[in-house]
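Worksheet for the structure shown next.
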Amino acid sequence: MNVTEHAASVNAPRPEKRPARLANLDVGRMAACSAVILHHANRDVFRDRIGFLLHGELGVQFFMILSGYLLTRAHRDRALGLADYLRKRAIRILPAYYAAVLGVSALILLGLGSRNFPLAPEELPWHVVSHLLLIHAWFGETAYSLVSVWWSMSLEWQYYMIFPLLLPMLARARPFPFLAIVTALSLGYRAFILARFPGQDHLLWGIFAGRMTEFAAGMALATLIPHAHEPRARLLGARLFAGACGLALACLGSGAFLFRELGRQSAVFAVFLGFLLLLPAIPRTRLGSGFAFLGEASYSTYLIHTLAGKALLAAAAAAGLLAPGTDPGFALGAFFLLAYFVVGHGAGTLCYLFVERPASRALSAIGRRS
């Protein structure tokens, strides 16, 4: 290489190194998971009497948008090896989930199951198998059994299964036509279920076809803003943010059931964009690093927070500090609401450190050696 070529190679723009994790989205994970925890704490402590905490399930939609965004961001510029993709997805969610399913099954056998969805020992095998196969959201009797929040695990796995089919469609149709096609298919499916299977809510919200617009929105966004730390993306993000807010208000105001869910998803999408574009991709403070770490642990927290919270309330009732089924009053209720929140995050963090992360690393290492 001569001097001129060497100078050109030195001065040539180098590709920007992407951070291994995006702290802004990890903080978003933490916020979404916190909303879900407070939603369940409101139900278990106050019997849903705090109105603004009734919509914590929107945190689930945040996670689904995030999945679509991150999967597309990771695979849009390279070929998708199906076997390797499925192996990584299984390693990502199955170890902690299977551990939680088996742990809850043991509690049920010991007579410590949920009072909301009681199961006799002879019913347990089918429920366990449906959860292990991640098909429990397909059936009314299993969709919310074991732990009611786990219905979304089936939905997440369905998104993983259809992603290899949606990715080529996105490449051919481009983001906005792709979203239009997916939205039309989703609305058509919802209309069919409402007409033919009224009252079967699990077929609307537990099957990917009924709500794949949230996952597809994340996929489309990844092609518009592939690198969350690019400054030039902020102007586009601001426009998308404003447009999503407008769509949310329009759909929510219409009151039409078929379109109401689109409005909710649009509102969550707007919040997602806020985390994506307004927060730094690399944490700049210790507080930001702490929030990002809680976001890393949010999957484990999501899985077991209700178990930890209900155990806390049961212990409080056994100690005579809380009377089951009665109004605890605002001050005492607020204390246990906060305690439920802290215990949920704490138990999830321990599960992440001692179950999810070690198991995922061990399985990843085995996969690399093979």
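The values are calculated or read from the model by the stated rules, or taken from the named source; none is laboratory data. Because the structure is a prediction, the values reported are computed rather than measured. Positions of Cβ are backbone-derived with ideal geometry, glycine not excepted, and every protein chain shown enters the neighbour counts.
Looking only at region 16-55, residues that are among the small types (Gly, Ala, Ser) and farther than 23 Å from residue 216 by Cβ come to 5 in all. Where helices (runs of 4 or more DSSP H) fall entirely within region 1-85, those with at least 3 residues that are at pLDDT 95 or above and either of a type outside the set (Ser, Thr, Tyr) or under 23 Å from residue 154 (Cβ atoms) (or both) are at 23-46, 58-75. Remark: pairs (first residue in region 323-345, farther than 29 Å from residue 295 by Cα; second residue of a type in the set (Phe, Trp, Tyr) and in a helix (DSSP H, G or I); Cβ separation under 7 Å; 6+ apart in sequence or on different chains) = 328/336. Number of residues in region 343-370 that are β-branched (Val, Ile, Thr) and over 18 Å from residue 296 (Cβ atoms): the value is 2. Yes or no: residue 157 touching a Gly at 6+ places or on another chain (Cβ under 7 Å), closer than 30 Å to residue 82 by Cβ and among the hydrophobic types (A, V, I, L, M, F, W, C)? Against the criterion (touching a Gly at 6+ places or on another chain (Cβ under 7 Å), closer than 30 Å to residue 82 by Cβ and among the hydrophobic types (A, V, I, L, M, F, W, C)), residue 157 does not qualify. For region 117-157, residues that are surrounded by fewer than 20 Cβ atoms within 10 Å (Cβ to Cβ), among the small types (Gly, Ala, Ser) and over 15 Å from the mean Cα position of the chain (by Cα) total 2.
Criterion applied to 323, 292, 297, 308 was being loosely packed, with under 14 Cβ neighbours inside 10 Å and of a type in the set (A, V, I, L, M, F, W, C), and the one residue passing it is 323. Close contacts from region 179-198, counting a first residue that is outside any helix (DSSP H, G or I) and a second that is surrounded by 13 or more Cβ atoms within 10 Å (Cβ to Cβ), with Cβ to Cβ under 6 Å and a gap of 6+ residues or different chains, come to 197/203. Taking first residues from region 212-236 that are over 24 Å from residue 163 (Cβ atoms) and among the charged types (D, E, K, R) and partners that are modelled with pLDDT under 90 and surrounded by fewer than 24 Cβ atoms within 10 Å (Cβ to Cβ), the Cβ contacts under 6 Å between residues at least 6 apart in sequence or on separate chains come to 234/277. Reported count of residues in region 169-192, each being of a type in the set (Lys, Arg) and surrounded by 15 or more Cβ atoms within 10 Å (Cβ to Cβ), is 1. Residues in region 322-367 that are of a type in the set (Ser, Thr, Tyr) and at pLDDT below 95: 326, 360, 364.
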